[in-house]
Amino acid sequence: MSQQYILALDQGTTSSRAILFDRQGRAAAVAQQEFEQLYPQPGWVEHRPEDIWSSQLNAAHVVLREADVNADQIAAIGITNQRETTIIWDRETGEPIHNAIVWQCRRTAGDCDRMRSEGLAEIFQQRTGLVLDAYFSGTKVRWLLDTVPGARELAARGSLAFGTVDSWLIWKLTGGRVHATDPSNASRTLLFNIERGEWDDELLAALDVPREVLPHVAPSSAMIGETDSSLFGRAIPISGNAGDQQAALFGQVCTSPGMSKNTYGTGCFMLLNTGKELVRSKSNLLTTIAWQLESEPIEYALEGSVFIAGAAIQWLRDGLRIIGSAADTEAMAASVLDNGGVYFVPAFVGLGAPHWDAYARGTMVGLTRGSTREHIARAALESIAYQTSDVLRCMRDDSGINLTELRVDGGAARNDFLMQFQADILGIPVVRPANTETTAAGAAFLAGLAVDFWSDVSELSELWQREKTFEPNMSDSERERLLSDWTRAVERAKNWINAS
Ligand code: ADP
């Protein structure tokens, strides 16, 4: 029987998903399984590695069963994953030495403060493109080695393996035969020199991480290993691997320099492909590895995030309770002529690029007796677009690249009002694809390229289809007025909890 599908494993923060992609790049079937989030202390977040694995394997079995597809019909597996989450396991027994420390976990924030005060931020930024923050894997690895009794000795003897979630899944899928990651995941560890494309001895020393624990770095699209035949009844090639945001960039087929995507979820994640050029940010955006295709040089991206985007809409629903569902905001915003002078700065957890103010807090300005909940709903949607515009402007300034369009995905990208307003505020077309499973599609595309399921990137470009293009339709003077008022509103949110 011919091999008709690529199986994408999309291991996310709250659930594991398995999606079958056909040759047209369409998601033919999807299965999903949630798993437990553990909060052992305030600010700490963990997952059980066994839950990550069993939910992922189960989702894969369910999608095959429900679609009535057997392993012989699968050409390859591609993996995409929650990034930075850190697992260490024993190479002999395969047993994790501790729960996974999730990217959100703040337990090593103090370590990062200390390293910054020792003047280490610059070398980490230079070599890794990252800011020295607890979010990334490096300080989590050190915490595990320092905290779990006996771990340091075992690590020195070469008995322990460190991996981000992709490595853990590859290890489990190959029955412990392969310990590998890809450059996009490696670039989120604080241990990887993104210019040279290799683990960096000085950074390893600064974080006290022994080389013996590290995975092999294979390209994002290449033969990585084969599944243990006991899992699916046949050995299936694993040939794609990238962190979730980079996979989404690939799934949007933003494969040429200057192409960008923004994912509108709880927060926003925007990535700009800068090609083979490593662009260093002057605005504290992250420089990250986008992917590496087989026998090709590494490709890079600039990454900027907005902390609160769709979450502002959730707050209207669950906090203020002025909407019934997120989708209501679309009609509400369209029912008023304009924002009525109301600006909402959802700095609930501070502000990221380009403001970088941890002490900022949310505010709403410009309220009058004429303000209605429709104005507030509109202001909330507008705030998502303004914040995206702020990040995009940094990217343009850092890279010198003038973007020609923005490809979008994520839950809030379904909101037509938001997408139109986004196009208006950016002054470039905003393009929503027909296939919104962009993260999983990226993993599938990477895997499919390596096994000749698809021949090359230009074939992928043809698979990508637009559902709707939002053309900018706002005068320059109107755009400037709105952005200038937004900037004034942001000033009022800044440095709030410090000021008292
Ligand atoms: P995540 O992966 O971060 O959980 P999703 O991509 O599933 O996020 O998107 C969910 C987010 O999008 C929620 O914060 C929700 O408030 C927002 N959202 C969903 N639908 C809409 C909509 N029609 N309009 C505005 N926001 C929406």
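The values are calculated or read from the model by the stated rules, or taken from the named source; none is laboratory data. The structure displayed is predicted, hence computed values, not measured ones. Neighbour counts are summed over all protein chains in view; Cβ atoms, including those assigned to glycine, are modelled from backbone coordinates with ideal geometry. Quick note on the areas: whole protein, heavy atoms, side chains included, nothing else; ligands and nucleic acids left out. Shrake-Rupley method; radii C 1.70, N 1.55, O 1.52, S 1.80 Å.
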What number, rounded to the nearest 500 deg cm²/dmol, is the helix-based mean residue ellipticity at 222 nm of the chain, given -39500 (n - 2.57) per DSSP H run of at least four residues and division by all its residues?
-> -10500 deg cm²/dmol
Hey, can you grab everything whose amide H is under 5 Å from the amide H of TRP199? Only 5+ residues off in sequence or another chain; H modelled, so Pro and N-termini drop out.
-> ASN193
Among DSSP beta bridges whose residues both lie in the chain, state the antiparallel percentage, nearest 5.
-> 70
Jot down the radius of gyration and Dmax of region 356-500, Cα atoms only, both in angstrom.
-> 19.0, 63
Expected field for VAL349, accessible surface area in Å² at 1.4 Å probe radius, rounded to 10, holds 90
Calculate the spin-label point distance for ALA121 paired with SER256, positioning each point 7 Å from the Cα along the beta-carbon direction, and give it in nanometres.
-> 3.8
Residues PHE348 and GLN3, FRET efficiency given R0 of 35 Å [Cβ-Cβ distance, rounded to 0.05] = 0.15
Please compute the net charge surrounding ARG407, taking Lys and Arg as +1 and Asp and Glu as -1 over other residues with Cβ under 12 Å from its Cβ.
-> +1
Rounded to the nearest Å, the spacing of the alpha-carbon centers of region 1-52 and region 240-260 is 18
Quick one: if you take sqrt(5λ) for each eigenvalue of the C-alpha gyration tensor of the chain, what semi-axes come out, biggest first, whole angstrom?
-> 37, 27, 21
Can you quote the Å³ per residue value for the convex hull of the Cα atoms in region 364-418, rounded to an integer?
-> 111
With r as the distance between the Cβ atoms of TRP496 and VAL336 and R0 = 30 Å, compute the FRET efficiency 1/(1 + (r/R0)^6) and round to 0.05.
-> 0.60
Which entries of LYS140/LYS172; LYS140/LYS282; LYS261/LYS282 show an alpha-carbon separation above 29 angstrom in the structure shown?
-> none
Can you give the net charge of the other residues whose Cβ lies under 13 Å from the Cβ of TRP464, counting K and R as +1 and D and E as -1?
-> -1
If you roll a 1.4 Å probe over the heavy atoms of the protein chains, what accessible area per residue do you get for the chain, in Å²?
-> 39
Exposure of ARG466 as accessible area (Å², to 10), given a probe of 1.4 Å and all protein chains | 120
Accessible area, 1.4 Å probe, largest first: how do MET115, MET364, MET223 sort?
-> MET223, MET364, MET115
From the backbone phi of region 191-200, what are the Karplus-calculated ³J(HN,Hα) couplings (6.51 cos²θ - 1.76 cosθ + 1.60, θ = phi - 60°) in whole Hz, Gly and Pro given as x?
-> 10, 10, 7, 6, 7, 7, x, 8, 4, 10
Mean-position separation - Cα centroids, region 314-382 and region 78-135, in angstrom | 34
Each residue of region 343-356 in turn: what ³J(HN,Hα) in whole Hz from Karplus with 6.51, -1.76, 1.60 and θ = phi - 60°, glycine and Pro shown as x?
-> 10, 10, 9, x, 7, 4, 10, x, 10, x, 4, x, 8, 6
Would you check the accessible area of GLU459, probe 1.4 Å, heavy atoms only, in square angstrom rounded to 10?
-> 60
Going from most exposed to least, what order do ARG91, ARG481, ARG188 have by accessible area with a 1.4 Å probe?
-> ARG481, ARG91, ARG188
Evaluate the Kirkwood expression for the hydrodynamic radius of region 110-184, namely the inverse of the mean inverse distance over all pairs of different C-alpha atoms, and round to one decimal in Å.
-> 14.2
Which aspartates and glutamates, on any chain, are close to LYS276 with Cα under 17 Å apart, when same-chain ones fewer than 8 places away are left out?
-> ASP182, GLU195, GLU198, GLU294, GLU296, GLU299, GLU303, ASP398
Fraction of accessible area attributable to carbon and sulfur, the chain (%, probe 1.4 Å) | 46
Roughly what would the spin-label model give for GLN24 and ARG317, points 7 Å off Cα along C-beta, in nm?
-> 3.1
Spin-label pair SER229/ARG280, simplified geometry with 7 Å Cα→Cβ offset, distance in nm | 5.2
With Cβ to Cβ distances under 13 Å as the rule, what net charge do the other residues near ASP244 carry (K, R +1; D, E -1)?
-> -3
May I ask you to compute the full-extension gain from ARG196 to ASP456, defined as 0.36 nm times their residue separation minus their alpha-carbon distance, rounded to one decimal in nm?
-> 91.0 nm
Largest to smallest accessible area among ASP390, ASP318 [probe 1.4 Å] | ASP318, ASP390
With the convex hull built on the alpha-carbon atoms of region 312-439, volume per residue in Å³ sits at 130
Take THR147, project a point 7 Å from its Cα along the Cβ direction, then tell me which residues of region 91-111 have their backbone nitrogen under 17 Å from it.
-> 96-111
